[in-house]
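Visitor: I'd like to ask some things about the structure below.
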Amino acid sequence: MSTAPVPELAETATACADRLHAADRVLVASHIDADGLTSAAVADTALERAGIEHEQLFFEQLDTEAIDRLAATDYETVLFTDFGSGQLDDIVAHEDRGAFTPIVADHHQPAEAATEYHINPLLVGLNGARELSGAGAAYVLARALERDGVDNRDLAATAVVGAIGDMQDSDGELHGANAALVAEGVAAGALSEAKDLAVYGKQTRPLPKLLEYATDTYIPGISNSYAGAVEFLDELAVDCRAADEEWKRWVDLTDEERQTVASALVQHAVGRGVPAEKIERLVATTYTLTDEPTGTELRDASEFSTLLNATARYGRADVGLAVCLGDRTGALETARELLRTHRRNLSDGLTWVKEQGVTDAGHVQWFDAAEEIRATIVGIVAGMSMGTDGVDRSKPVVAFARESDTETKVSSRGTGSLVRRGLDLSVVMGEASEAVGGGGGGHDVAAGATIPVGEEEAFIEHANELVGEQLG
Ligand code: C5P
Ligand code: C5P
Ligand code: ZN
């Protein structure tokens, strides 16, 4: 085995790997989002290469029922990826009565109970929302599982898709342990990184669409305006149309042409009075999966992660996992169809929030989407809504959506600057949900919960008070 990618986690990872090698067969349980799917793909591939028999299950939430279901199987070893840390009280209770041996590779805020085989950046002083994701924790395990000449460094590319899916690059690039993973992926020839225009869709979107939808840094006259984007592109000394008059995509341009478009875009933004700190955010680090074909969702870590969210959050984790494991036929086609629906749902959700507006509770702002937005994507919509019209970035946003007849899903999102001032949404979601008979957790900057229907207002009161205390 070669050097460990995250030295702080090396000892625990080795213990987990030894335990897995000693197991007859392993049940892997993972979360249903991009980070969960990629954590599963990394774990499954590493187990496969190690010759360890395994089966994969996915859960929207690792609640009591889910853990009971795992305990009821005849598997003696259960590997949890991208969740498990927050549910350790429950998991350890099953371990203590001999139901299974848990092995956890996660990055969420751990519960009180401790267990022997537990890989989590937060246990060694690393940041679980910025420095390592669930897929990253699974990658650390995958490297420790290497025996007999197996080299799992190619899996760093998959792990980076997970980190990007969890928005661990929200300030423009990956840091810390994540950066170490990137370096391993680059060394293995599976990944490359470059400073590039920070807009979504560089691989797949026609140029005017690319710019029209690039609203993170709002550029007057171009953002949200197809005609404006066309006019801007047509005035450039760059041929943005292919021979058949179809629009080129960003990846179809030469380096020089990209430079020209990017500079013109910056100039345009400056001319329209966009502040310098926003203009800086137009450039960020892009992570490219170099083995994937140019012009596909799979080549760009950000587009790949969205494609995965479009599967697992709609009950099709099997499709997303198959794509991660290399299925480029049926599963990829299905994923692309699901992506169209997902995009439409995100756009409709954002429009709904914009039209309905949010309620200001003082320290938090909130909206209740009830059945208007799927519970599995309301968190993404809440995050995207921050900084748009009517949703200000100086307060965390709390969103509700109907999960079932009896349960309401809660999602909350903050910002890096609120976290630096003391915000910890994982604590807020945990305590406020417990106060109304629910449960929750997550990260400082993004967390969630499930509460009984009817407790929404009481929940907001608690959350509002807690955030007020945290922000002093
Ligand atoms: O369950 P999990 O850890 O995978 O999900 C993390 C969530 O936190 C993602 O939905 C991600 O978008 C969100 N997040 C965020 N802003 C950050 C970091 C994470 O909204 N800076
Ligand atoms: O569901 P949502 O995207 O809002 O989740 C934000 C973060 O909170 C994710 O990391 C998720 O795993 C976590 N979460 C949790 N417990 C819940 C709901 C969400 O730990 N009941
Ligand atoms: Zn995660």
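Visitor: List the GluC sites (Glu not before Pro) in the stretch 104-202 that DSSP assigns to loop (not H, G, I, E or B) and whose Cβ has at most 10 other Cβ atoms within 10 Å. Which are they?
Guide: Hits after loop and neighbour filter: 112.
Visitor: What net charge is computed for the residues neighbouring residue 66, neighbours being all others with C-beta under 10 Å from the C-beta of residue 66, Lys and Arg scored +1, Asp and Glu -1?
Guide: Charge balance near residue 66 sits at -4.
Visitor: So how much slack lies between residue 114 and residue 224, counting 0.36 nm per residue of separation and subtracting their Cα-Cα distance, in nm?
Guide: Full extension from residue 114 to residue 224 adds 34.7 nm.
Visitor: Follow-up question, since we're still on this one. Where the centroid of each part is defined by its Cα atoms, how far is the stretch 52-79 from the stretch 317-393 in Å?
Guide: The two parts, judged by their Cα centres, are 27 Å apart.
Visitor: Just the projected area, averaged over all directions, of the convex hull on the alpha carbon atoms of the stretch 62-118: how many nm²?
Guide: 3.3
Visitor: Oh, and also: With the dipole of the chain worked out from charges on the C-beta (+1 for Lys and Arg, -1 for Asp and Glu) around the Cα centre, which of 381, 450, 427 lies farthest toward the positive end?
Guide: 381
Visitor: A further question on this structure: Would you mind working out the magnitude of the charge dipole of the chain relative to its Cα centre, with +1 at each Lys and Arg C-beta and -1 at each Asp and Glu C-beta, to the nearest 20 Debye?
Guide: Value, rounded to 20: 1120 debye.
Visitor: Let me ask something else about it. Mean 1/r over all different Cα pairs, inverted: what Kirkwood radius does the stretch 140-280 give, in Å?
Guide: 17.2
Visitor: Related question: Picking from 62, 107, 264, whose Cα lies most toward the positive end of the charge dipole for the chain (charges on Cβ: Lys, Arg +1; Asp, Glu -1)?
Guide: 264
Visitor: Right, something else. Using the Kirkwood radius over C-alpha pairs as Rh, can you work out the diffusion coefficient of the stretch 197-345 via Stokes-Einstein at 20 °C, viscosity 1.002 mPa s, in µm² per second?
Guide: Result for D is 130 µm²/s.
Visitor: Can I ask one more? Among the lysines, which have Cα under 20 Å from the Cα of residue 278 when same-chain residues fewer than 8 positions away are ignored?
Guide: 195, 202, 395
Visitor: I've got another one for you. Would you mind classifying the stretch 256-304 by shape? Square roots of the alpha carbon gyration tensor eigenvalues, ordered a ≥ b ≥ c; an a/c under 1.5 is rounded, otherwise it is prolate if a/b is larger than b/c and oblate if not.
Guide: Prolate, since a/c reaches 1.5 and a/b exceeds b/c.
Visitor: Something else now. Please order 408, 359 by the number of other Cβ within 10 Å, starting at the fewest.
Guide: Least crowded to most crowded, the residues run 359, 408.
Visitor: Tell me which of 22, 38, 119 sits at the most positive position along the dipole axis of the chain, charges placed on C-beta atoms (Lys, Arg +1; Asp, Glu -1).
Guide: Farthest towards the positive pole: 38.
Visitor: Can you tally the net charge around residue 225? Count Lys and Arg as +1, Asp and Glu as -1, for every other residue whose Cβ sits under 10 Å from the Cβ of residue 225.
Guide: -2
Visitor: Please work out whether the stretch 357-471 counts as rounded, prolate or oblate from its C-alpha gyration tensor, where a ≥ b ≥ c are the square roots of the eigenvalues and a/c under 1.5 means rounded, while otherwise a/b larger than b/c means prolate and anything else oblate?
Guide: Oblate, since a/c reaches 1.5 and b/c is not below a/b.
Visitor: With a 10 Å Cβ neighbour count serving as the proxy for reagent exposure, in which order, fewest first, do 429, 167 appear?
Guide: Sorted ascending by nearby Cβ count, the order is 167, 429.
Visitor: Does the chain classify as rounded, prolate or oblate by the C-alpha gyration tensor (a ≥ b ≥ c root eigenvalues; a/c under 1.5 gives rounded; else a/b over b/c gives prolate, otherwise oblate)?
Guide: Oblate is the answer for the chain, as a/c is 1.5 or above yet b/c matches or exceeds a/b.
Visitor: Could you put 240, 16 in order, starting from the residue whose Cβ has the fewest other Cβ atoms within 10 Å?
Guide: 240, 16
A short reminder: the numbers here are calculations on the coordinates, not readings from a lab. From a predicted model like this one, the values you see are computed outputs, not experimental measurements. For neighbour counting, all protein chains shown are included, and Cβ atoms are generated from backbone atoms with ideal geometry for every residue, glycine included.
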